[in-house]
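K.L.:
The structure's right below; bear with me while I get my questions together.
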Amino acid sequence: MQQHLSINDEVRKFLSQDKLLLIDGQWQESRSEKTINVENPANGDTLSQLIHGGQEDINRAVEAARKAFDSGPWRSMTGSERSRRLWKLADLIEQNTDTFAQLESLDNGKPYTVAKAADVPLSVDIFRYMAGWSTKIHGKTIPLSVPYTPDSSYLSYTLKEPVGVIGQIIPWNFPLLMAAWKLAPALACGNTVVLKPAEQTSLSALKLGELIMEAGIPEGVVNIVTGHGDTGSFLVDHPMVDKLAFTGSTEVGKQIVRGASGNLKKVSLELGGKSPNIIFADADIEAAIEGAANAIFFNHGQCCCAGSRLYVEKSVYDKVLSGVCDFADKIKLGNGFDLSTQMGPLISREQFDKVCSYIDSGKREGAVVQAGGSGLDQAGYFVKPTVLAKTHKNMQVVREEIFGPVVAAIPFSSEEELIEEANDSNYGLAAGIWSQDVSKAHKVAEKLRAGTVWVNCYNIFDASLPFGGYKESGWGREMGDEVLNLYLETKSVCIKK
Ligand code: NAI
Ligand code: MG
């Protein structure tokens, strides 16, 4: 029997409220008259209206963040005090798990069960992990030789200081989690932020804004301005922003780099991918089949690290392919509020059209559809989990990011040829290897040009594990201690003794 969740009281109340902008610790109206309709992608229902923030709104938000950074208490607060407030925020998110899971499901389409099991706990965890760093950020002492002053000696040390006002622009595939990945390290380091959530999915960020104030994070430290891409571009262009952190398409990432050149603000980018997932004949084949299916179909393929190119050693290719197709055929598509749903709709009409047109281009170029191959003929943006065989390296479906539940399967016979093909991409975000030969797995992992390599697993994320891309998949690493580099400046102090 299908169990359908009902909207809880908190979510109902939240949806009925006006959605304002969080600026300088207050929920403020916009000077822009423009709004954005928020749609449930599972059925097209209108959920709410958002403000489409304009230049004026971004100016006010940046000024608030500037003032909070230059003269507010956040930056000078002890690490321990900052840590306590970030930890409190984590607790508040955790206490609101059901509300966030419902909001994510309504707004993004993903199953409630997935949001509850993955998106929300990972968001809680990154705030706790980064809260721990607040008290552990420090420089070092450095002995100097200075060959041209042989008679002098020096004490020198480095200070680690926050970068300043950070603009953060995030996408719609993991709305709360992307906000958490961005905010937690920036705040732990003592920066102030203007966050621009994705126009499709801003609800959980606005809810998070309420909790940020409740957690005692001072006014102006986190400002949230909703809007479209142009709202984001005002932030990119703003001369008072010291650094811009972006997750989204490679195309917009390149525009951001150009826009940021005005005041040479620092930029970090987490962009697209076309990640190879490699199954060797000596793998645990059942585990590899399930792993390969989850690598592409998790979050409906709307993951920057989706295992969208499936390379399978020739001797096991037919077996693996038929296993992945069986898996795809059995996935239950539906509304994220049905507790038995395994896969929801894509985020929007635009993404639905884009993904379907990629499937068509694959067919035109000679790929054979072994599973799925079309959208569902019903309300909502559902696309069937799709497996394309007889694909080769020059096809669009093998070269370009589809960002949907579509995998291109490719057989290989030699390791050398495999490495060359796997690396033959403008992207370099992630990769998977399935083999029981540990020594081979290590060697192949070394040769792959990717920021993350998963062996006998896929989509494993942890607050402590750096994540980011080689090549056109981005600049910098998020999470772990490495993310601190994105949000800290190093000051060298040199004192003559
Ligand atoms: P997008 O890159 O246009 O949007 C991501 C964020 O950037 C949103 O908040 C958007 O409002 C903002 N934005 C858009 N144009 C901007 C501009 N000129 N200046 C500043 N901010 C701007 O991604 P979109 O259009 O939602 O999806 C298109 C494709 O991008 C997808 O099909 C997928 O291939 C890729 N994508 C990759 C993601 C990732 O996690 N790496 C996430 C979302 C999309
Ligand atoms: Mg776009």
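K.L.:
To the nearest 20 debye, what charge dipole does the chain have about its Cα centre, counting +1 at the Cβ of each Lys and Arg and -1 at the Cβ of each Asp and Glu?
P.N.:
Values: 50 positive and 61 negative charges, 249 e Å.
Magnitude of the dipole: close to 1200 debye.
K.L.:
Just the number, please: percent antiparallel of the DSSP beta bridges in the chain, rounded to the nearest 5.
P.N.:
For the chain, the DSSP antiparallel bridge percentage is about 45.
K.L.:
If you find the alpha carbon centre of segment 77-115 and of segment 444-462, how far apart are they in angstrom?
P.N.:
27
K.L.:
Got a sec to turn the phi values of segment 449-460 into Karplus ³J(HN,Hα) couplings, 6.51 cos²θ - 1.76 cosθ + 1.60 with θ = phi - 60°, whole Hz, x for Gly and Pro?
P.N.:
8, 8, x, 9, 10, 9, 10, 6, 6, 7, 6, 8
K.L.:
May I pose another question? When all C-alpha to C-alpha distances in segment 41-165 are sorted into bins of 5 Å, what percent of pairs does each bin hold, rounded to whole numbers?
P.N.:
2, 9, 10, 11, 12, 14, 14, 10, 6, 4, 3, 2, 2, 1, 0, 0
K.L.:
Using the Cα centre as the reference, give the magnitude of the dipole from point charges on the C-beta atoms of segment 130-245 (Lys, Arg: +1; Asp, Glu: -1; all else neutral), rounded to the nearest 20 debye. Could the numbers behind the result be given before it?
P.N.:
Values: 7 positive and 9 negative charges, 73 e Å.
That gives a dipole near 360 debye.
K.L.:
Return the subset of Lys116/Lys266; Lys254/Lys443; Lys196/Lys332; Lys332/Lys393; Lys330/Lys354; Lys88/Lys136 for which the Cα-Cα distance in this structure is over 26 Å, preserving the input order. Before the final figure, lay out each step's value.
P.N.:
Details: Lys116/Lys266 34 Å; Lys254/Lys443 33 Å; Lys196/Lys332 33 Å; Lys332/Lys393 31 Å; Lys330/Lys354 24 Å; Lys88/Lys136 18 Å.
Beyond 26 Å: Lys116/Lys266; Lys254/Lys443; Lys196/Lys332; Lys332/Lys393.
K.L.:
Rounded, prolate or oblate: pick one for segment 317-383, where a ≥ b ≥ c are the square roots of the eigenvalues of its C-alpha gyration tensor, a/c under 1.5 means rounded, and failing that, prolate if a/b is larger than b/c, else oblate.
P.N.:
On the way: a/c = 3.06, a/b = 1.19, b/c = 2.58.
Oblate.
K.L.:
What's the local net charge at Ala205, with K and R +1, D and E -1, over the other residues with C-beta under 14 Å away? Working shown, then result.
P.N.:
Numbers: positive: Lys19, Lys182, Lys196, Lys207; negative: Glu104, Asp107, Asp119, Glu199, Glu210.
It works out to a net charge of -1.
K.L.:
Indicate the gyration tensor shape class of the chain (rounded, prolate or oblate), computed on the Cα atoms with a ≥ b ≥ c the square roots of the eigenvalues: a/c under 1.5 is rounded; otherwise a/b larger than b/c is prolate and the rest oblate.
P.N.:
On the way: a/c = 1.97, a/b = 1.26, b/c = 1.56.
Here the chain falls in the oblate category.
K.L.:
What are the DSSP H helices in the chain that stretch 15 Å or more along their long axis, judged by alpha-carbon atoms, and whose average Kyte-Doolittle hydropathy comes to at least 1.0?
P.N.:
Working: long enough: 55-71 (23 Å, -0.94); 79-95 (24 Å, -0.98); 97-108 (16 Å, -0.63); 120-133 (20 Å, 0.73); 175-188 (20 Å, 1.29); 203-214 (17 Å, 0.94); 285-297 (18 Å, 1.11); 314-330 (25 Å, -0.12); 349-364 (22 Å, -1.26).
Qualifying helices: 175-188, 285-297.
K.L.:
Now for a separate question. Please list, ordered by chain and number, the residues whose modelled amide H lies under 5 Å from the amide H of Val267; skip anything fewer than 5 residues away on the same chain.
P.N.:
Leu244
K.L.:
Kindly provide the helix-only [θ] at 222 nm of the chain, computed as the sum of -39,500 (n - 2.57) over DSSP H runs of four or more divided by all residues, to the nearest 500 deg cm²/dmol? Before the final figure, lay out the partial values.
P.N.:
On the way: 16 runs with 185 residues, N = 497.
Computed ellipticity for the chain at 222 nm equals -11500 deg cm²/dmol.
K.L.:
Same structure again: Can you give the FRET efficiency to the nearest 0.05 for Thr35 and Thr490, using r as the Cβ-Cβ distance and R₀ = 45 Å?
P.N.:
Working: r = 43 Å, r/R0 = 0.96.
Computed FRET efficiency for Thr35 and Thr490 comes out at 0.55.
K.L.:
Further question: So for the pair His392, Glu214, with labels modelled 7 Å out along Cα→Cβ, what separation do we get in nm?
P.N.:
5.9
K.L.:
Now for a separate question. I need the P(r) histogram for segment 358-438: all alpha carbon pairs, bin width 10 Å from 0 out to the longest distance, whole percents.
P.N.:
All Cα pairs considered, the percentages come to 16, 44, 30, 8, 1.
K.L.:
Hey, got a sec? Which GluC sites (Glu not before Pro) in segment 1-106 land in a DSSP loop and have at most 14 other Cβ atoms within 10 Å? Write out the running numbers ahead of the final one.
P.N.:
Numbers: sites: Glu10, Glu29, Glu33, Glu39, Glu56, Glu63, Glu81, Glu94, Glu104; in loops: Glu29, Glu33.
Passing both the DSSP loop test and the Cβ count: Glu29, Glu33.
K.L.:
Related question: Beyond 23 Å, how much of the Cα-Cα pair distribution for segment 172-278 remains, as a whole percent? Please report the intermediate quantities before stating the final value.
P.N.:
Details: 1574 of 5671 pairs.
That tail contains 28 percent of the Cα-Cα pairs.
K.L.:
Oh, and also: Return the FRET efficiency for the residue pair Ser315, Arg258: r is the Cβ-Cβ distance, R0 is 51 Å, and the value is rounded to the nearest 0.05.
P.N.:
Working: r = 48 Å, r/R0 = 0.94.
The computed FRET efficiency comes out at 0.60.
K.L.:
Which order results if Phe461, Phe127, Phe280 are arranged by neighbouring Cβ count within 10 Å, fewest first?
P.N.:
Working: Phe461 17, Phe127 27, Phe280 23.
In order of increasing Cβ crowding within 10 Å: Phe461, Phe280, Phe127.
K.L.:
For a label point 7 angstrom out from the Cα of Ser153 toward its Cβ, which stretches of segment 480-497 have the backbone nitrogen within less than 18 Å?
P.N.:
Backbone N within reach: 494-497.
K.L.:
Still on this structure, please answer the following. Among Phe403, Phe246, rank each residue by its count of other Cβ atoms within 10 Å, from fewest to most, as a rough exposure measure.
P.N.:
Working: Phe403 25, Phe246 28.
So the ranking, lowest neighbour count to highest, is Phe403, Phe246.
K.L.:
In which sequence would Met479, Met130, Met343, Met77 go, from the one with the fewest C-beta neighbours within 10 Å to the one with the most? Display every interim value, and only then the final one.
P.N.:
Working: Met479 20, Met130 28, Met343 25, Met77 17.
Ascending Cβ contact count within 10 Å gives the list Met77, Met479, Met343, Met130.
K.L.:
If I stretch the segment between Ser76 and Lys440 completely, what's the gain in nm (0.36 nm per residue apart, minus their alpha carbon distance), one decimal? Spell out each step's value before the answer.
P.N.:
On the way: separation 364, 0.36 × 364 = 131.04 nm, distance 5.01 nm.
Extra length available between Ser76 and Lys440 comes to 126.0 nm.
None of the figures in this text is laboratory data; all of them are computed from the coordinates on show. Being a predicted model, the structure only gives us computed values, none of them experimental. Glycine gets a Cβ as well: all are built from the backbone with ideal geometry, and neighbour counts include every protein chain shown.
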